[in-house]
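What follows is a short report on a single structure.
The values are calculated or read from the model by the stated rules, or taken from the named source; none is laboratory data. Bear in mind the structure is a predicted one, so any value in this text is a computation, not a measurement. Please note: Cβ atoms are built from the backbone with ideal geometry, for glycine as well, and neighbour counts cover all protein chains shown. Accessible surface is based on the protein model in full, side chains and every heavy atom, while ligands, DNA and RNA are left aside. Shrake-Rupley method; radii C 1.70, N 1.55, O 1.52, S 1.80 Å.
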Amino acid sequence: MAEVAGPRSNHAIGVFDSGVGGLTVLNALRQVLPEEHLVYLGDTARVPYGTKSALSVRRYAEQAVCALSSRQIKAIVVACNTASAMALEHLQNCYPDLPVLGVIEPGAEAACRASRLGHIGVIATESTTNNQAYQKAILRLRPDARIRAQACSLFVALAEEGWHEGDLVEQIVARCLQPLLLTDQQFPLDTLVLGCTHFPALRKAIASVVGDTIQLVDSAQTTAEAVKRELETKALLNTEEGRGGLTFLVTDGPERFARVATNFFSERIDPASVELVDIQHYTAER
Ligand code: DGL
């Protein structure tokens, strides 16, 4: 996509993830805001974030957002749960003039809307569950909610390998979810948040393990709706006609990115169009 000149509203939305998983959020953005130009940055050189310290994730996220903001960008979507949990506030402080939205609040909102009893489970990476960002966001919206969280970092590898369903995948999913689903002396869940960008790829296997009494929610759709609201409020919706352009940037392995992307994104990505970028020298202006 060529850089778009003209009014700020015609500039692109920058979307950032640790790798390919954020493409599930990009899908939703394409559906909800089809006319918007989108620049997606996957930090494939440093994925996974889900097992890294807050300090590292914050530094990586800062460099990614700084790299995106050096292009013509009108808003940033942190399409990574781990980065949203650990770095969103920091990024918003670094860029007070740029709308920076994460996926945790929208995911929590979707869970509270879906849950009848307020008995909510959260599955995410180790760093996201330890950070308790989902738990806090859900309790802010629904103080009476009862929440159990479980790290399922292994699902990230399954999703990237394209192991999405079948007996073996269900056995692994069942094993990982076992502590969450045990209800001895605990409350039964009625809603489960897929609190990691990769997990919607395993939705079918997870649904068959948890059964139909537990509703599955993810943050992709609600995040896209939150972005639309934010752009509307700030008069930043694209006024051009036609479908918006897509640009892909990665910090390593453009070909692998394009190949693995087929597990997460509904449009084909031409490997030759994926640009390799070095973002390690960026630091945010404060
Ligand atoms: N994108 C990450 C998330 O949503 C999952 C992959 C990773 O660990 O980097 O938390």
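Miscellaneous remarks
- Length gained when the stretch Asp167-Thr262 is fully extended (0.36 nm per residue, less Cα-Cα span): 32.0 nm
- Fully extending the segment from Lys228 to Leu276, taken as 0.36 nm per residue of separation minus the present Cα-Cα distance, adds 14.4 nm.
- Entry comment: accessible area of the stretch 73-115 is 29 Å² per residue, from protein heavy atoms only and a probe of 1.4 Å.
- Between the stretch 197-254 and the stretch 11-76, the Cα center-to-center distance that results, in Å: 12
- For the stretch 1-103, a crude dipole built from +1 on the beta carbon of Lys and Arg and -1 on the beta carbon of Asp and Glu, taken about the Cα centre, is about 180 debye to the nearest 20.
- Sites Ser70 and Arg146 - FRET efficiency at Förster radius 41 Å, r taken between beta-carbons, to 0.05: 0.40
- Translational diffusion coefficient of the stretch 98-155 (Stokes-Einstein, Kirkwood radius from Cα pairs, 37 °C, 0.692 mPa s): 279 µm²/s.
- Modelled FRET efficiency - R0 25 Å, Ala207 with Glu126, Cβ distances, 0.05 increments: 0.60
- Mean separation of Cα contacts under 8 Å, 6 or more apart, over the residue count of the stretch 5-147: relative contact order %: 24
- Share of carbon and sulfur in the accessible heavy-atom surface of the chain [1.4 Å probe, %]: 49
- Rel. contact order, % - alpha carbon contacts under 8 angstrom, at least six apart, the chain: 28
- Dipole magnitude (debye, nearest 20) for the chain, charges at Cβ of Lys, Arg, Asp, Glu: 620
- Computed from the C-beta positions of Ala174 and Ala54, the FRET efficiency with R₀ = 45 Å rounds to 0.90.
- Virtual paramagnetic centre 7 Å along Cα→Cβ of Ser9, amide N under 16 Å, in the stretch 75-93: 75
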